[in-house]
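One structure is given here, and the rest of the page talks about it.
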Amino acid sequence: MSDLITRLVRNRMALFGLVLLALLLLVALSAPLFATHPAGFNLAQRLMPPSSSRLFGTDRMGSDIFTNVVFGARATLLIAIVTVGSAVLIGVPIGLVAGYYNNWISDALMRIADIALAVPQIILAIAITQTLGPSIQSVVLALSLTYWPFWTRLVYAETRSIRNEIFIESAVALGASPWRVMILHILPAIASSIVVRTSIGVGATIMAAATLGFLGLGAPPPTPEWGRMIAESRDYLPEAWWYPLAPGIAIFLTVLGFYLFGDGLRDILDPRTRRPL
């Protein structure tokens, strides 16, 4: 653990990404403390430009944009964490089973995953959310059902690559059951790849969720949502240039943090690329 922390501190890219994510988590958990104005509408103050009292101005309903962005971090993190967690719980076991066995069940599972990967994920997510109606639950369900094949394909490939290694064959020779081999021997060996893919996948999920919100398929009002905030600003550009600025920066920094952290983790955890201390 100390070796991992040392490598993380020395990897500036991963450390910068981790700092961005830590700040995002802090803002999301302490949103009422960071909010400069109470949430709500005030039509008398609609479309006010940034000022010392309104850091990012106000929107079309007179709401403080900075406050909405801060509270929007909660919805964004909730969607991303639940979506990726669900995709991991679905995709990893399927990939383990398909990679360990070599029979028609394995082939059938991978063909299902390949079919799911053949359809553009955002298109399929739009179709699902359009059918279910705009809500956080619809976004989570749609993205979870479209993202699990990525983890399945990764785990399948990693499992196939080490299935015939000596330590796996030794465990089988000692009488270990297939489930014991998969959970106690194969899964720990490929955990670093799963962790890296998960970190990067969260960033991609946030982009997809923002896209759905931009199309009006995300969290409905009055729940603050970054993608919908940008969509609402279109009718007031370029005069109200500040309207999409804050949510756009929030999306950019959040996705950047997850991608930098995930890319840095790959260098730290991969013995082929990491440098000696």
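The values are calculated or read from the model by the stated rules, or taken from the named source; none is laboratory data. Everything numeric in this text was worked out from a predicted model, so none of it was measured. Cβ atoms come from the backbone with ideal geometry, glycine included; neighbour counts cover every protein chain shown. Only protein heavy atoms, including side chains, enter the accessible area calculation; ligands, DNA and RNA are left aside. Shrake-Rupley method; radii C 1.70, N 1.55, O 1.52, S 1.80 Å.
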(request) Would you kindly derive the ³J(HN,Hα) couplings of the range 67-82 from the backbone phi angles with the Karplus curve 6.51 cos²θ - 1.76 cosθ + 1.60 (θ = phi - 60°), listing them in order in whole Hz, with x for Gly and Pro? (result) 4, 5, 5, 4, 6, x, 4, 5, 5, 5, 5, 4, 4, 5, 5, 5
(request) Using Cα centres only, tell me the gap between the range 198-277 and the range 87-160 in whole Å. (result) 22 Å
(request) Arrange the peptides 83-92, 203-212, 159-168 so that the one whose residues have, on average, the most other Cβ atoms within 10 Å appears first. (result) 203-212, 83-92, 159-168
(request) Express the Stokes-Einstein translational diffusion coefficient of the range 176-232 in µm² s⁻¹, to the nearest whole number, given a Kirkwood radius over alpha-carbon pairs, 20 °C and a viscosity of 1.002 mPa s. (result) 155 µm²/s
(request) For Ser177, tell me the accessible area in Å² from a 1.4 Å probe, rounded to the nearest 10. (result) 60 Å²
(request) Taking every pair of Cα atoms in the range 204-246, average 1/r, invert it to obtain the Kirkwood radius, and report Rg/Rh to two decimals. (result) 0.99
(message) Among Leu55, Ala14, Thr36, which residue has its Cα furthest toward the positive end of the charge dipole of the range 1-87, with +1 on Lys/Arg Cβ and -1 on Asp/Glu Cβ?
(response) Ala14
(message) If you scale each eigenvalue of the Cα gyration tensor by 5 and take the root, what three semi-axes come out for the range 120-210, rounded to whole angstrom and sorted largest first?
(response) 36, 13, 10
(request) Can you figure out the FRET efficiency of Asp107 with Ala44, using R₀ = 45 Å and their beta-carbon distance, to the nearest 0.05? (result) 0.10
(message) Please report the projected area of the range 121-161's Cα convex hull averaged over all directions, in nm².
(response) 2.9 nm²
(request) State the answer as a single residue: which of Gly218, Ile136, Gly85 lies farthest towards the positive end of the charge dipole of the chain, with beta carbon charges of +1 for Lys and Arg and -1 for Asp and Glu, about the Cα centre. (result) Gly85
(request) With label points built 7 Å along Cα→Cβ from the Cα atoms of Phe16 and Arg234, find their separation and express it in nm. (result) 3.3 nm
(message) Computing the accessible area with a 1.4 Å probe over protein heavy atoms, can you report the carbon and sulfur percentage for the range 141-248?
(response) 67 percent
(message) Less than 17 Å from a label point 7 Å out along the Cα-to-Cβ axis of Arg74: which backbone N atoms in the range 124-144 qualify, by residue?
(response) 136-137
(request) For Ala176 and Leu33, calculate 0.36 nm times their separation in residues minus their Cα-Cα distance, and state this gained length in nm to one decimal. (result) 46.2 nm
(request) Would you mind putting 116-127, 214-225, 139-150 in packing order, based on average other-beta-carbon counts within 10 Å, highest first? (result) 139-150, 214-225, 116-127
(request) Can you tell me the dipole magnitude for the range 117-257 around its Cα centre, using point charges on the Cβ only (Lys, Arg +1; Asp, Glu -1), in Debye to the nearest 20? (result) 380 debye
(message) At q = 0.15 Å⁻¹, what log₁₀ I(q)/I(0) does the range 81-234 have when each alpha carbon counts as one equal point scatterer in the Debye sum?
(response) -0.78
(request) Go through (i) 22.1; (ii) 20.7; (iii) 19.9 and flag the label whose value is the computed Kirkwood radius over Cα pairs in Å for this structure. (result) (ii)
(request) With label points built 7 Å along Cα→Cβ from the Cα atoms of Thr211 and Thr223, find their separation and express it in nm. (result) 2.0 nm
(message) Just to confirm, what accessible area per residue do you get for the range 65-193 at 1.4 Å probe, in whole Å²?
(response) 48 Å²
(request) Under 1.5 on a/c is rounded, so check that first for the range 1-105, then, if it is not, pick prolate when a/b is larger than b/c and oblate when it is not; a ≥ b ≥ c are the square roots of the alpha carbon gyration tensor eigenvalues. (result) oblate
(request) Work out from phi, with θ = phi - 60° and the Karplus expression 6.51 cos²θ - 1.76 cosθ + 1.60, the ³J(HN,Hα) of each residue of the range 18-32, listed in order in whole Hz, and give x for Gly and Pro. (result) 5, 5, 4, 5, 5, 5, 4, 5, 4, 5, 5, 6, 10, 3, x
(request) Write down the radius of gyration of the range 180-272 and its Dmax, each obtained from C-alpha positions, in Å. (result) 18.3, 63
(request) Please report, to one decimal in angstroms, the Kirkwood hydrodynamic radius of the range 32-87 built from all distinct Cα-Cα pairs. (result) 12.2 Å
